[in-house]
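First the structure, in the form of C-alpha cells, and then the observations on it.
The values are calculated or read from the model by the stated rules, or taken from the named source; none is laboratory data. Bear in mind that the values here come from a model prediction, so they are computed numbers and not experimental data. Note that each Cβ is placed from the backbone with ideal geometry, even for glycine, and that neighbours are counted across all protein chains shown. Please note that ligands, DNA and RNA were not included when accessible areas were found on the heavy atoms of the full protein model with its side chains. Shrake-Rupley method; radii C 1.70, N 1.55, O 1.52, S 1.80 Å.
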Amino acid sequence: MFLCAVPAAVPNPKKSSEAAPKLPSAKKDEDDEFEWLLTPGGGRVKQRKEPSVKKNLVKRSSPNKDRTNSDLSGDGGDTGTSPTGEEPEPEDAVEEEVEDDPGPPLDAALLKIQKAYPWRNSSYPKRCQDLTVKFADINSLPVTALVSFPCSGNSLTRQLIEKASGIFTSSVYRDSSLEIGGFLGEKADAQLGVTILTKTHEFEQEHLDEFKKAVLLIRNPYRSILSFHHFLFKSHLGMAPSTNYFRDDWPTFCLSLAKRWAETIVAWVSSKPIHVVHYETLTDPKNQVDEIIKILKFLKFPVDESRLQCMKEDTNVIFKRKPGFYPDVDLFPRNVRATIDKAIVFVDKKLRQRKLPPMPLDKYEFFKDHPHTLKVESNLH
C-alpha cells in the first residue's frame, strides 16, 4: 500500500444521530438516487490543513465521568476513541480543536532555483543522473487537480508524473512531512501555474471551480478504506490497532467512508474535463508507462522517452507502507459488503455513461466475494 493522502473529514459514528449512510440500489434509475450524493458542505474547502494523527480533538471533561469505551487510541492507552480517531464527547466536555499550521505557500524566490535530482545516484544509469525536476514558469501551466479519495495512490502518481515530466506537483494541503520526504513542490501555490498537478481530496463546487481540469485517481474502496484507517491511527507508514475491526462501530465507519468515496468521484466526473486513472492498472508494471503517457497527453505535455525509461528502471517509491497482518475476522461483514458493492456498481455506471474507463472490477478484492490477498493471523486480537 502506498502513501495515504490527506484524510478528509470523517463523521464520528458515536456522535451522529443519523442512520448509517445508505448508498443507492443498483436496481433503481440512477437519476432518482442522485440526491444522496449532494452532501451539504461537501469537502473541507475552508479548512485545508494537514490533520495530525496525534491531535484531532482534545476533550476536557469532569474526572467523575465514567468512560466505558474500549481502547481505540492507536497508542495503547484507554482513551475510548472511535475508528475516526475521536473520543465520544461527554455532556460537559469542552472541545478544543488543535490544528497544525501548514505554514505559508512556498516563497516565490525559490520557484526559480528549487530543483530535485531523482536519479543522482551511482546506482542509476549516467543518462539519468543529470535529469532534474523543477518548477515551470509562472502561469505557464493550467491549474490541474490530481484528485482522489484518501489512500488511493495519489502520492505514488505524483512521484511518477514528476519523474516523467520533470515538473513538480503541489498540494492544497501543504504538508511539511511530504515536502521533507521529497515532494519539493508541495507548498507551491497551485494558482501560480508552476506545477503540473495539484493534489486534493475535496469535492465541493467552490473547490472544483479553482481548477481547469483534473486527473481522477480511483482505487478499490475496500482497499482505500483499510489504508485510510491505518493513516488515521499511525500516519503514513504504520498500522492501526487490530482491535478496531472488532468494534461495534466499525461497520458504520466503513459505510461513511464508502459514501465519501462515491461522492468524490461523482462530483468530479460530473464537473469538468477529466482523465480517469485506475490505481490497479497504474500499479501493474505492464501498464504503468502507458498510463503515465496517457496522463501526459491529457495534460498536453511533451512525452520524453528518455525520462520514461529512467522512470521505468527506478523501483524506489517513497512513503511506501509495508504490508501488515490482519486478524482472522470478517473485515467487511456481509451487510456492509453488500452496500459497498452497490456503491461500486453505481460509480462504475457513472463512468461508463460518460465514456470514461470503467473500473477493473476483476481486480477488486472483496467485491462480489472476490478473494483478498491480505496477510491474516488468527492470534491478532
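One residue stands out among those in the stretch 333-349 that are more than 13 Å from Ile218 (Cα to Cα) and of a type in the set (D, E, K, R): the one that is most open to solvent (accessible area, probe 1.4 Å), which is Arg334. Among the residues of this structure, Arg158 does not count as one that is assigned to a helix (DSSP H, G or I), farther than 28 Å from Leu131 by Cα and among the basic types (Lys, Arg).
With the condition kept exactly as written, say whether any residue in the stretch 142-153 is part of a helix (DSSP H, G or I), open to solvent by 10 Å² or more (accessible area, probe 1.4 Å) and not basic (Lys, Arg). Scanning the stretch 142-153 turns up no residue that is part of a helix (DSSP H, G or I), open to solvent by 10 Å² or more (accessible area, probe 1.4 Å) and not basic (Lys, Arg). Scoring Ile196 on the criteria (1) buried (at least 24 other Cβ atoms within 10 Å of the Cβ); (2) part of a helix (DSSP H, G or I); (3) among the β-branched types (Val, Ile, Thr) leaves a single failure, condition (2).
Can you give me the ranges of the helices (runs of 4 or more DSSP H) entirely in the stretch 256-315 with at least 3 residues that are under 21 Å from Ile340 (Cβ atoms)? The helices (runs of 4 or more DSSP H) meeting that bar are 279-282. Assess whether Phe253 counts as being touching a residue at least 24 places away in the same chain (Cβ under 8 Å), under 20 Å from Thr157 (Cα atoms) and under 19 Å from the mean Cα position of the chain (by Cα). For Phe253, the condition - touching a residue at least 24 places away in the same chain (Cβ under 8 Å), under 20 Å from Thr157 (Cα atoms) and under 19 Å from the mean Cα position of the chain (by Cα) - is not met. Reported count of residues in the stretch 110-130, each being modelled with pLDDT under 90 and open to solvent by 100 Å² or more (accessible area, probe 1.4 Å), is 4.
Could you please let me know if Ser224 is assigned to a helix (DSSP H, G or I), under 18 Å from the mean Cα position of the chain (by Cα) and in contact (Cβ under 8 Å) with a residue 12 or more places away in the chain?
Taking the combined requirement at face value, the residue satisfies it.
Among the conditions (1) at pLDDT below 95; (2) out of contact with any Cys (no Cβ under 9 Å at 6 or more places or on another chain); (3) open to solvent by less than 10 Å² (accessible area, probe 1.4 Å), Glu179 misses just one, which is (3).
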